[in-house]
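Asks: One structure is given below, represented as structure tokens, and several questions about it will come after.
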Amino acid sequence: MKLEIDESYFKKEVRNDFTIDEMMKRCWAASIKVLSVIDDICKNNDIKYSAMYGTLLGAVRHHGFIPWDDDIDIVMLRADYNRFFSKAEKVLPEGYDVVSYKTIPNYWNLVSRVTNRIELSQETVDWRKKNFYGFPFVAGVDIFPLDFIPEEEKERDFFYNIMNILRITTECFRKENNIPMERGEYMLSQVEKLLNVRIERNDLILTQLAYLNDSVCATYGPEDSDIVSVAFDNLGKSIESRYLMPVSTYTDLIDMDFEMITIPVSRNYDGLLTTLFGKDYMTPVRYINHNYPYYKPDEKRFKEMGLI
């Protein structure tokens, strides 16, 4: 993907009565540069990806980022997802990293990311500023796998019950949750019985659970079902909120303007966005679902360390 960004793009701007400052513009540009590298790998290897969640909504409603959003989300069918990361290990340019449970010890999240260099040093900060439009923090793209979901209700309920048990078990071992070890041990024993596996009691329990979780997500294939979803998303909520869609939703794609580039989106973007956000998705509602901007803690920390 050819990427040319004029310096005027980084000026502070107001969109939908929301102010986007210069640093956020540089964040957007840095994320788009990471996306351009992903796009090149996908095109060179016949891998399909498409915009998802707020990125899809931004493309359709704003032809770019939602003004109060600060990241890029894309999805790939599981087969393409696996092929992408297999290729990425070999062909990602120097300075780009894959962040996933396979590359970071005890990284529990099943969302994988491609980022610019993640190590913390003055050299890295300077390199990011030089190569990513003056943005000194980590920038990247979240990549979600789409898995086939059982069409038969009882089988689907059983599948999601397993996913929920794994989710709850994972929560038990996240240090920030401060859950008693006895509860975690009980949940581990239940997982072992349910899946007929052995989980080693060591410092990598979260990594082991992530492998199990990902394996369960990928249980079904195109021969088993015609509907797909991000299997680990919205667990514990109603089936209507799990975004079950025909696989064609993610294979029949069109390009749509997104800031200074185009991004693949579902041709059935209306059906997908209605499922994700409701029928009034074209009416802007200011909603920030994580700490905005995501780099704010690093901004404070980097200043204290004298890195910026």
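No lab work stands behind these numbers, since they all come straight from the coordinates. Keep in mind that this is a model prediction, so the values were computed, not measured. Counting neighbours? That spans all protein chains shown, and the Cβs are built from the backbone with ideal geometry, glycine included.
Asks: Helix-only mean residue ellipticity at 222 nm, the chain, DSSP H runs n ≥ 4 weighted -39,500 (n - 2.57), per residue, nearest 500. What is it? Working shown, then result.
Replies: Details: 9 runs with 124 residues, N = 308.
Counting only the DSSP helices, I get -13000 deg cm²/dmol.
Asks: Defining a contact as two alpha carbons under 8 Å apart and six or more residues distant in sequence, what relative contact order in percent does the chain show? Each step should come with its number before you reach the end.
Replies: Details: 442 pairs, mean separation 64.7, N = 308.
Relative CO of the chain lands at 21 percent.
Asks: Also, I was wondering about something else. Using a 10 angstrom cutoff on alpha carbons, build the Gaussian network for the chain and name the most mobile of F132, F159, F65.
Replies: The residue with the greatest mean-square fluctuation here is F159.
Asks: Estimate the FRET efficiency between K11 and D226 by the formula 1/(1 + (r/R0)^6), using the beta-carbon distance for r and 45 Å for R0, to the nearest 0.05.
Replies: 0.45
Asks: May I ask you to order 97-103, 280-286 by the average number of other C-beta atoms within 10 Å around their residues, highest value first? The partial results should precede the final answer.
Replies: Numbers: 97-103: 17.7, 280-286: 11.9.
In decreasing order of mean packing, 97-103, 280-286 become 97-103, 280-286.
Asks: Regarding the chain, what's the average projected area of the Cα-atom convex hull, expressed in nm²?
Replies: Details: hull surface 68.3 nm².
Computing the convex hull of the Cα atoms and averaging its projections yields 17.1 nm².
Asks: A further question on this structure: Would region 156-308 count as rounded, prolate or oblate if I go by the C-alpha gyration tensor, calling it rounded below 1.5 in a/c and otherwise prolate when a/b exceeds b/c, oblate otherwise? Don't skip to the answer; put the middle values down first.
Replies: Values: a/c = 2.20, a/b = 1.18, b/c = 1.87.
Taking the square roots of the gyration eigenvalues as a ≥ b ≥ c, region 156-308 is oblate.
Asks: Continuing with this model, one more query. What do the square roots of 5 times the Cα gyration tensor eigenvalues come to for region 153-219, in whole Å, largest first, as semi-axes of the equivalent ellipsoid? Please report the intermediate quantities before stating the final value.
Replies: Values: eigenvalues 85, 31, 24 Å².
Three semi-axes, in Å: 21, 13, 11.
Asks: For K296, go through the lysines and keep the ones whose alpha-carbon is under 19 Å away, minus same-chain ones fewer than eight residues off.
Replies: Once the sequence-local lysines are set aside, what remains near K296 is K12, K25, K129.
Asks: Let me ask another. Provide the packing ranking of 18-24, 259-265, i.e. peptides ordered by the mean count of other C-beta atoms within 10 Å per residue, highest first.
Replies: Details: 18-24: 15.6, 259-265: 19.0.
Output ranking for 18-24, 259-265: 259-265, 18-24.
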